[in-house]
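Written out below as structure tokens is the structure these notes cover.
The values are calculated or read from the model by the stated rules, or taken from the named source; none is laboratory data. These numbers were taken from a predicted model, which means no experiment stands behind them. Cβ coordinates were reconstructed from backbone atoms using ideal geometry, including for glycine residues, and neighbour counts include every protein chain displayed. All accessible areas refer to the heavy atoms of the entire protein, side chains included, with ligands and DNA or RNA removed. Shrake-Rupley method; radii C 1.70, N 1.55, O 1.52, S 1.80 Å.
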Amino acid sequence: MSLHRLTGLTLGVPDVASAAAYYAEFGLTPLASTPEQPPHTARFATVDGGEQLRIARSDRRRLLHLGIGADDPDDLDRVAASLTRFGVEVTRTGTSVRASDPGTEVTVEVTIAERVVAHDPPAPVAYNGPGEPVRAGERAPGILREGPVRPRKLGHVVLGSTDQQTSQRFFTEGIGFRVSDEVPGLAAFMRCSTDHHNVLVQQAPVSFLHHTAWQVDDIDEIGRGAKAMLETDPERHTWGLGRHHIGSNFFWYLKDPAGNFSEYYSDLDCVVEDALWKPGVWDGAQALYSWGPPPPPSFLAPEDLAALMSGAHSA
């Protein structure tokens, strides 16, 4: 696949400072301001993905920009031609292709970017099983870890679209994503890398950002990260610990000060050979999770959805 990852995103929020403090505590690394950086913005990096989050001032919470990495200029030519056939306005430069999805109102930019390389990948974790004490005589490494949890990379985003089918076609026919799994008429899990999904678009009454997902090493890092965040503010808890059915990943969701959900995840399905993966068709209840506490109503329909709708209509 010539597309290979999400390079980053720009999150629009009314209060940049509070959001920036949250994501620093979440484990992203703050980056120093640069002379060309717009005022009232903040920048953050992950361990393996480099700079992957920008926070900018906006009248309401929203995803302003989503970056996707490609290998070479030929890939950009193909994306530009496909988006033009799709019928959206395209901005082409020597290093990028930019267009906006009408359903999610997100500006998507494909650029030539290096592929993600894991820095100091974690050692395989040995779990004791019935009749198999593979970790005999020593404590589990997960309970001995110290220091803050540091997300490895931005994995995926989930977006509400006022026209889910058009958004799905924008990402597949226009950008070049592939569908991994689908809930007909409601949601599509799409990938631009070997990760099971990098973008999930779901039908919604208003375009909005549901959540961003950040990869950590394993389930212990999910638990450690959530524990630290909730010790500071228990109201951040949204949903977890659990395991999704589609994508298979372990998860824990928290809520930032603007109302966006942020997910620690690990052990997501990997699609290396497209021919060996058969996209599934699921119903809504089956798709959501395999085990864990039931999702709260506020996760399925965020509490500020009506306010977001009012704000979108008045804009």
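Each residue, Thr194 and Gln286, gets one label point 7 Å from its Cα in the Cβ direction; the gap between the two is 2.9 nm.
Considering helices alone, the calculated mean residue ellipticity of the chain at 222 nm is -6000 deg cm²/dmol, with DSSP H runs of length four and up weighted by -39500 (n - 2.57) and normalised per residue. Roughly what angle does helix 219-232 make with the longest principal axis of the chain, taking Cα atoms, 0 to 90 degrees, to the nearest 10? The two axes meet at around 80 degrees. The packing ranking of peptides 205-212, 11-18, highest mean first, is 205-212, 11-18, where packing means the average number of other beta carbon atoms within 10 angstrom of each residue. Region 233-273 and region 192-207 have Cα centres lying 14 Å from one another. Rounded to the nearest 10 degrees, the angle from helix 16-26 to the longest Cα principal axis of the chain is 40 degrees.
I need the peptides 34-40, 251-257, 48-54 ranked by packing, meaning the mean over residues of other C-beta atoms within 10 angstrom, with the highest value on top. Intermediate results must be reported in sequence, preceding the final value.
Numbers: 34-40: 8.0, 251-257: 22.4, 48-54: 20.4.
Going from most to least packed, we get 251-257, 48-54, 34-40.
At a probe radius of 1.4 angstrom, the accessible area of region 98-168 per residue rounds to 58 square angstrom. With all projection directions averaged, the alpha carbon convex hull of region 130-175 covers 7.6 nm². Summed over the residues of region 219-288 and divided among them, the accessible surface reaches 46 Å² per residue at a probe radius of 1.4 Å. In the chain, the longest principal axis of the Cα atoms and the axis of helix 73-86 are about 60 degrees apart. Each residue of region 123-132 was assigned a 3J(HN,Hα) from its phi angle through the Karplus curve 6.51 cos²θ - 1.76 cosθ + 1.60 (θ = phi - 60°); the sequence is 6, x, 8, 9, 10, 6, x, x, x, 9 Hz, with glycine and proline shown as x.
Express the carbon and sulfur contribution to the solvent-accessible surface of region 11-101 as a percent, rounded to the nearest whole number, probe 1.4 angstrom.
Looking at region 11-101 in its full context, I get 54 percent from C and S.
Packing-based ranking of 79-85, 213-219 yields 213-219, 79-85, ordered from highest to lowest mean Cβ neighbour count within 10 Å. The distance between label points at Arg115 and Asp77 comes to 2.2 nm (points 7 Å beyond Cα on the Cα→Cβ vector).
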